[in-house]
Amino acid sequence: MSTDSHQSTGSDAGGGKDRIEREISIAAPVERVWAVLTEPEHVGSWFGQGTPTPVDLRPGGIMELDHGEYGQFPTTIVTVDPPRHFAYRWAGAFPGEVATEGNSTLVEFTLTPEGDGTRLRVVETGFAALAIPEDRQPTAGYESHSEGWSGQVENIRRYTEQLAA
């Protein structure tokens, strides 16, 4: 894995199209990366339309992701362990539906201090168990999310490093 803060690495582990992993080094302390991932004024800047995102930061709380033309996604927060681990369920195939175990994937962020910066690992799992409607496959299927996370980790890195400057 590269330690270059401008390069993300990833794998689609297992070849079974159920697990997406991306990692990236960010030139910012773990506390700043945590804030970018969890605070309302930051979330919409790396995932969304640039406006504040409602976040009820507690297990069972809702974080409302605005994915523009693809819809609004009320994710359900699963894990809040500052500043190391944050996870939520995302019903990417079902805009407007609150994410539950039966209609969603699990997105996990793990933050690890790396010198003066942070190693961010994003893992999304659970595609194999989902019945994604055919018309939602292009935006909610495994391939779409795999490509999407490659871009999103770069968005997170750029936005966070800009705050650190």
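Each value in this text was obtained by applying a stated rule to the coordinates, not by laboratory testing. Since the model is a prediction, treat every value here as computed from it, not as a measurement. Counting neighbours? That spans all protein chains shown, and the Cβs are built from the backbone with ideal geometry, glycine included.
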Over the chain, with a Gaussian network built from C-alpha contacts below 10 Å, which listed residue (Asp18, Asp135, Asp56) shows the highest mean-square fluctuation? Asp135
Kirkwood Rh, the chain, all Cα pairs: how many Å? 15.8 Å
Restricting to Cα pairs below 8 Å that are 6+ residues apart, what does the relative contact order work out to for the chain? Please round to a whole percent. 25 percent
PRE reach from Ala128 (point 7 Å along Cα→Cβ): which of segment 74-109 fall under 20 Å by backbone N? 89-93, 101-108
Which whole-Hz couplings ³J(HN,Hα) result when phi for each residue of segment 72-87 is put into the Karplus expression 6.51 cos²θ - 1.76 cosθ + 1.60, θ = phi - 60°, listed in order with x for Gly and Pro? 9, 10, x, 6, 10, 6, 9, 10, 10, 10, x, x, 10, 9, 9, 9
Loop-exposed trypsin sites (Lys or Arg not before Pro) per DSSP, neighbour cap 16 Cβ within 10 angstrom, longest uninterrupted part of the chain: 85-165
